[in-house]
Structures are given as structure tokens and as C-alpha cells.
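The values are calculated or read from the model by the stated rules, or taken from the named source; none is laboratory data. Remember, it's a predicted structure, so these values are computed and weren't measured experimentally. Cβ coordinates were reconstructed from backbone atoms using ideal geometry, including for glycine residues, and neighbour counts include every protein chain displayed. Areas reflect the complete protein model, heavy atoms only, side chains present, ligands, DNA and RNA absent. Shrake-Rupley method; radii C 1.70, N 1.55, O 1.52, S 1.80 Å.
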Amino acid sequence: QLQLVESGGGLVQAGGSLRLSCAAAGRAFSTYAIGWIRQAPGKEREFVAAINWIGSSTYYADSVEGRFTISRDNAKNTVYLQMNSLKPEDTAVYYCAAAIQGSLVATFSAYGYWGQGTQVTVSS
């Protein structure tokens, strides 16, 4: 089993930055690929970013490419999402999830462990 807890969300003005953290408890965190997924009210889930087990490969949605950076520290069992140049359309609940594989993957079906989410609100 793997438990994931997100933190770092909050209210920020457009153009600002936030850093989300995803702390994991459980076995073999370093063997899982980790993803960040967001969902805004009335919208479908969006796969924002993902990172493979060792941090050598990453994926970003077009909507966040160049503004968001995903990274991980396996010694701390933590994955980060640095979000810069935030826009009101980034407002959503952000979830981290762990895939049932270590290689990079960006499909929802591959992610078997999910956190409870953290709210990010960007004001205009």
C-alpha cells in the first residue's frame, strides 16, 4: 500500500507561484512513477505532469509546458510540482497519484494510488 498526501495549495494572484508537495508513506515509493492531475469544477480531469521512478523522464500537458516543473526526491519520499506564471485557468483541485509502474506514463488508468487533493485558486 502507498499513501499520498498533497500540500502547498492556496490562493495566489495571477502571475504568482506555488509549489505543491506530494509526500508518500509506504513501501517502495522510489519504484513508482508519479503524476499530478487536476480537476476544475465542471471540467474533466486533466493530466498535468508526470515523472518516472528515478526522475529522468517527465511529461507535461501543453497547457502547463514551460510554466510547471515536476521533480522528485526519493530520499524524502516526496514529489514536487513547481508552478510559475499561474493563470486563473489553473484553478483546480490538484491530486498526486502513483502509477503501478516505474516508467513514465500519462494515462489515468495506470495510476492506482491517489491522494486527497489540494486546492489551488488563482485570482485575476
**Request:** Provide a single number: the residues in the stretch 92-121 that are more than 18 Å from Asp62 (Cβ to Cβ) and touching a strand residue (DSSP E or B) at 6+ places or on another chain (Cβ under 6 Å).
**Result:** 17
**Prompt:** Can you tell which of Ala97, Ala106 is open to solvent by less than 60 Å² (accessible area, probe 1.4 Å), over 17 Å from Leu2 (Cβ atoms), of a type outside the set (Lys, Arg) and within 13 Å of the chain's Cα centre (by Cα)?
**Reply:** Ala106
**Message:** When you scan the stretch 70-90, do you find a residue that is part of a loop (DSSP other than H, G, I, E, B), open to solvent by less than 40 Å² (accessible area, probe 1.4 Å) and in contact with a Phe, Trp or Tyr (Cβ under 8 Å, 6 or more places away or on another chain), even just one?
**Reply:** no
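One line per residue, one yes/no per condition, for (1) under 14 Å from Tyr95 (Cα atoms); (2) in contact with a helix residue (DSSP H, G or I) (Cβ under 6 Å, 6 or more places away or on another chain); (3) β-branched (Val, Ile, Thr):
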| residue | (1), (2), (3) |
| --- | --- |
| Arg27 | no, no, no |
| Gly35 | yes, no, no |
| Val48 | yes, no, yes |
| Tyr59 | no, no, no |
| Phe68 | no, no, no |
**Prompt:** Within the stretch 93-123, can you find the residues that are modelled with pLDDT of 95 or more and either assigned to a loop (DSSP other than H, G, I, E, B) or on the phi > 0 side of the Ramachandran plot (or both)?
**Reply:** Gly115, Gln116, Gly117
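Here's the yes/no breakdown for (1) part of a strand (DSSP E or B); (2) at pLDDT 95 or above; (3) surrounded by 18 or more Cβ atoms within 10 Å (Cβ to Cβ):
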{"position": "Glu6", "(1), (2), (3)": "yes, yes, yes"}
{"position": "Gly15", "(1), (2), (3)": "no, yes, no"}
{"position": "Arg19", "(1), (2), (3)": "yes, yes, no"}
{"position": "Cys22", "(1), (2), (3)": "yes, yes, yes"}
{"position": "Ala25", "(1), (2), (3)": "yes, no, no"}
{"position": "Trp36", "(1), (2), (3)": "yes, yes, yes"}
{"position": "Val48", "(1), (2), (3)": "yes, yes, yes"}
{"position": "Ser56", "(1), (2), (3)": "no, yes, no"}
{"position": "Asp62", "(1), (2), (3)": "no, yes, no"}
